[in-house]
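Everything below concerns the one structure shown next.
The values are calculated or read from the model by the stated rules, or taken from the named source; none is laboratory data. Since we're looking at a predicted model, the values are computed, not measured. With ideal geometry, Cβ positions are generated from the backbone for all residues, glycine too; neighbour counts draw on all protein chains shown. These area figures cover heavy atoms from the full protein model, side chains too; ligands, DNA and RNA do not enter into them. Shrake-Rupley method; radii C 1.70, N 1.55, O 1.52, S 1.80 Å.
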Amino acid sequence: MRLLSVLIILFSMASCTTSDVRIDGKDDPNLWLENVEGEKALNWVEEQNKKTLKEITKSERYEQLQKNALEILQAKDKIPEVAFRGKYLYNFWQDDDHVRGLLRRTTLESYRQSNPRWETVLDVDKLAKVENENWVYKGSKCRAPAYDRCLIRLSRGGKDASVVREFDLFKKKFVKNGFNLKEAKSWVGWFDRNQIFVATDFGKDTLTESGYPRLVKLWRRGTPLSSATTLREAQPTEMSVFGESFVDESGKAAIVATWETFFTTSNALFENGKLYPIPLPKSAKILQVYKNHFVVELRKPWKVEGKEFGQGSLLSVKQGVAKNKKVTLADVNLLFKQTEATSILTTGVTKSSLLINVLENVTGKIYEVPFQGKAFGKAKEIPFKKNTHVVLTETSPFKDDFFFRVSGFLSPDALYHYSGKSKQFAKIKTLPAKFDSKGMDVQQKWAVSKDGTKVPYFIIGKKDVLKKGKAPTLLYGYGGFEVSLTPTYKAVVGKLWLEKGGLYVMANIRGGGEFGPRWHQAALKKNRQRAYDDFIAVGENLVSEGVTTKEKLAIQGGSNGGLLVGAVMTQRPDLFKAVLCHVPLLDMVRYSQLLAGASWVGEYGDPKKPDMREYLLTYSPYHNVSADKQYPELFLLTSTKDDRVHPGHARKFAAKMMKLGHNNIRYYENTEGGHAATANLQQRARMRALTYEFLFKTIY
């Protein structure tokens, strides 16, 4: 009888290959947890939340952690980030008196003072109360150069899906019978005073498989949305479409484009009612349209009339190539050449120059490229203190003024203003210290990954803790979608963790954008394991060098970073003691079928293809967890209202772990908050407190 059982098991194993895992999920016993608002699923969520909160929130330490986090997040002495809008600077502000937030404005002269005079434009708390809606402000698109009207996005509970309503900035109220869109994942942009580009849910068959709009239309004021003129249509398998205008003193350039994948775009110039395809590589990114030039970053090398421009290069390309239907060398100018140590973080334009924010060994610098006559000049670095991280924060194509921030892990942010009149920059605001950094240090080190690649990481903490070694350590990573992790002041981390003797480590693994397109593309699709190898290498380095031990090492990641920590947890459960996994992807067979997942096929590969599914199954956390391994302590956090990464990923993973007998799991699902998992500062403080109380319970 025993032999027969063994033979049955062996036969079952032999006849069920990884490719038999069904993409429709019909072989998944936890599929019911993908029903986001289903009664059974929500009852399960409520049960898990109760258990987790009962355990984690009962200590006095938790209460203090939450109090400290809330004080930092709601502090009134934060530096208000601003945007140029005509003669005003606009800011969105949240504190303990304005939980949902205020849209407000001031002048440049007033903003430079220690206590600016702010004028409220829109009070979201009052609006939510009057309309009895759980509004979360999601930003706006304002009409240039008049800056008199904005298209404001408001989300119910923090979802990506939002309503769009036209707002009069001068009258400070919504426009009666103005442009309004019902709740959807929409893209809007101004074309002129009475027309907007709109890509939204127009009804049956108008969304892509990713859940984003297939159609972009031009909608005229005073007419029904149904009469809007279709400009472009994406295929169901493509990601989305959009229309956008770039305005400066030379005029306006409108682009209508199709996102074919997350990393390929087909662009067209929209002029006089016609579309003119822009003859650029689909992998190229148009970052700006400025002075009748496209400012383009190359994800891959590009040859023009025999001359090759390297991967990561920043180019200017004359706008006329769209109508000429070809690009010549006379049309192209190399603005910045990437090296192995550099990448482009962001760009901005002023009245007379292009600004390029560059990372060099993960530290920010700013270069200025003047526009002289009808062409760009040579890029020159704006001189600043060495070993400081500089981030461009705001520019305007109608002014020569701009703002940039200087920060570091232990250095509170300082905001600088560059004056176009005086040609000088001056520090105008400094964030007060939010934690005691005395005796702390920052070190940049390098680990060697499995294939020999050197991977940088930062260690932050008290010098005596670093010297003593074997310290409780939190290792954070992301590694995807060209996202760069950079040195920034982490006030909550400092107060809740570093002050108490913990170490924080940030890993700049492949898949991110820290060293440009090559760094990102090194971990795409069937090379995804490289990102996980990099992260594991950093963890091993921390242990081998005595910084910490396996019993005191925790890892943290969210979204794609949640996939990261889920994968390395299942691959190397012996290396880590605790795992913080936020709003994660975990089922890599089903991911493309859930919410916006189809839009990430360019990053991970298509599980519908058998060979790709085989590869995805080699690391898919949901499919690699087993009963016979001992896993680290796990804390899964997600949101019911996350309409980007489906909460089913976290739900199903937790349920499977529990069924396999792993009881070292905490699960918490916020009922609102969208992909951020929080809808306001109070919820954010709670999440931070839950996070660090978990760490104190497991590795401290």
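Restricting attention to the range 221-267, the residues that are free of Cβ contacts under 8 Å to residues at least 60 places away in the same chain and either part of a loop (DSSP other than H, G, I, E, B) or exposed (fewer than 14 other Cβ atoms within 10 Å of the Cβ) (or both) total 15.
With the structure loaded, tell me whether residue 86 is modelled with pLDDT of 95 or more, touching a helix residue (DSSP H, G or I) at 6+ places or on another chain (Cβ under 6 Å) and at positive phi or whether it fails that test.
Working: modelled with pLDDT of 95 or more: yes; touching a helix residue (DSSP H, G or I) at 6+ places or on another chain (Cβ under 6 Å): no; at positive phi: yes.
No: the conditions fail for residue 86.
Only residues that are touching a residue at least 60 places away in the same chain (Cβ under 8 Å), at positive phi and open to solvent by 20 Å² or more (accessible area, probe 1.4 Å) were counted across the range 293-341, and they come to 0. Among residues of the range 360-375 that are on the phi < 0 side of the Ramachandran plot, those with a Cβ under 9 angstrom from a residue that is loosely packed, with under 14 Cβ neighbours inside 10 Å and assigned to a strand (DSSP E or B), sequence gap 6+ or separate chain, pair up as 365/381; 366/381; 367/380; 367/381; 368/380; 368/381; 369/380; 370/380.
Out of the residues in the range 132-186 that are of a type in the set (Lys, Arg) and surrounded by 21 or more Cβ atoms within 10 Å (Cβ to Cβ), state the one that is farthest from residue 103 (Cα to Cα). Going through the qualifying residues, I end up with 185. Inside the range 275-292, residues that are among the charged types (D, E, K, R) and either surrounded by 18 or more Cβ atoms within 10 Å (Cβ to Cβ) or closer than 19 Å to residue 379 by Cβ (or both) make up a count of 2.
Scanning the range 407-431 for residues that are closer than 12 Å to residue 79 by Cα, hydrophobic (A, V, I, L, M, F, W, C) and crowded, with 18+ Cβ neighbours inside 10 Å yields 414, 415, 431.
For the range 530-546, state whether one or more residues are outside any helix (DSSP H, G or I), touching a helix residue (DSSP H, G or I) at 6+ places or on another chain (Cβ under 8 Å) and at pLDDT 95 or above. Within the range 530-546, none of the residues are outside any helix (DSSP H, G or I), touching a helix residue (DSSP H, G or I) at 6+ places or on another chain (Cβ under 8 Å) and at pLDDT 95 or above. Just one of the numbered conditions (1) open to solvent by 10 Å² or more (accessible area, probe 1.4 Å); (2) within 15 Å of residue 293 (Cβ to Cβ); (3) at pLDDT 95 or above; (4) not basic (Lys, Arg) is not true of residue 375: (3).
Confirm whether residue 688 is open to solvent by 20 Å² or more (accessible area, probe 1.4 Å), of a type in the set (D, E, K, R), under 24 Å from the mean Cα position of the chain (by Cα) and within 30 Å of residue 527 (Cα to Cα). Quick ask: steps written out before the conclusion?
Numbers: open to solvent by 20 Å² or more (accessible area, probe 1.4 Å): yes; of a type in the set (D, E, K, R): yes; under 24 Å from the mean Cα position of the chain (by Cα): yes; within 30 Å of residue 527 (Cα to Cα): no.
No.
Select from the range 573-594 the residues that are aliphatic (A, V, I, L, M) and surrounded by 21 or more Cβ atoms within 10 Å (Cβ to Cβ) and write down the one among them that is farthest from residue 549 (Cα to Cα). Filtering first and then ranking leaves 589. Does residue 416 satisfy the condition of being hydroxyl-bearing (Ser, Thr, Tyr), in contact (Cβ under 8 Å) with a residue 12 or more places away in the chain and closer than 28 Å to residue 355 by Cα? Here the answer is yes, as residue 416 does meet what is asked. Quick check on the range 31-62: of everything there that is of a type in the set (A, V, I, L, M, F, W, C) and in contact with a strand residue (DSSP E or B) (Cβ under 8 Å, 6 or more places away or on another chain), which residue is farthest from residue 635 (Cα to Cα)? Of everything passing the filter in the range 31-62, 45 is farthest from residue 635 (Cα to Cα).
For the range 99-126, a residue qualifies if it is crowded, with 19+ Cβ neighbours inside 10 Å and within 22 Å of residue 684 (Cα to Cα), and the qualifying residues are 100, 101, 102, 103, 124.
Could you check the range 553-595 and list, in sequence order, the residues that are part of a loop (DSSP other than H, G, I, E, B) and of a type in the set (A, V, I, L, M)? Within the range 553-595, 575, 583, 585, 586, 588, 589, 594 qualify.
For the range 21-32, how many residues are open to solvent by 70 Å² or more (accessible area, probe 1.4 Å) and modelled with pLDDT under 90? Let's see the steps before the verdict.
Looking only at the range 21-32, we keep the residues that are open to solvent by 70 Å² or more (accessible area, probe 1.4 Å), and these are 22, 26-27, 29, 32.
Filter once more, so that each one left must be modelled with pLDDT under 90: 22, 26.
Adding up the residues that qualify gives 2.
Residue-level check: of (1) modelled with pLDDT under 95; (2) in contact with a Gly (Cβ under 6 Å, 6 or more places away or on another chain); (3) farther than 27 Å from residue 517 by Cα, residue 197 misses just (1). From the list 539, 516, the lone residue that is open to solvent by less than 10 Å² (accessible area, probe 1.4 Å), farther than 22 Å from residue 659 by Cβ and over 20 Å from the mean Cα position of the chain (by Cα) is 539.
Residues of the range 633-669 that are within 20 Å of the chain's Cα centre (by Cα), surrounded by fewer than 24 Cβ atoms within 10 Å (Cβ to Cβ) and in a strand (DSSP E or B): none at all.
Residue 623: outside any loop (DSSP other than H, G, I, E, B), farther than 20 Å from residue 44 by Cα, modelled with pLDDT under 95 and open to solvent by 10 Å² or more (accessible area, probe 1.4 Å), yes or no? Break it down stepwise before answering.
On the way: outside any loop (DSSP other than H, G, I, E, B): yes; farther than 20 Å from residue 44 by Cα: yes; modelled with pLDDT under 95: no; open to solvent by 10 Å² or more (accessible area, probe 1.4 Å): yes.
Taking the combined requirement at face value, the residue does not satisfy it.
Give me a count of the residues in the range 442-493 that are basic (Lys, Arg), closer than 18 Å to residue 555 by Cα and either in contact with a Gly (Cβ under 7 Å, 6 or more places away or on another chain) or free of Cβ contacts under 8 Å to residues at least 40 places away in the same chain (or both).
First, pick out the residues of the range 442-493 that are basic (Lys, Arg): 445, 450, 454, 462-463, 467-468, 470, 490.
When the remaining residues are screened for being closer than 18 Å to residue 555 by Cα, the result is 445, 470, 490.
Still in the running and either in contact with a Gly (Cβ under 7 Å, 6 or more places away or on another chain) or free of Cβ contacts under 8 Å to residues at least 40 places away in the same chain (or both): 470.
Of the residues in that region, 1 qualify.
Listed by position, the strands (runs of 3 or more DSSP E) enclosed by the range 424-519 that each have at least 2 residues that are β-branched (Val, Ile, Thr) and touching a helix residue (DSSP H, G or I) at 6+ places or on another chain (Cβ under 9 Å) are 454-462. Total residues in the range 364-382 satisfying the condition of being within 19 Å of residue 486 (Cα to Cα) and among the aliphatic types (A, V, I, L, M): the figure is 1.
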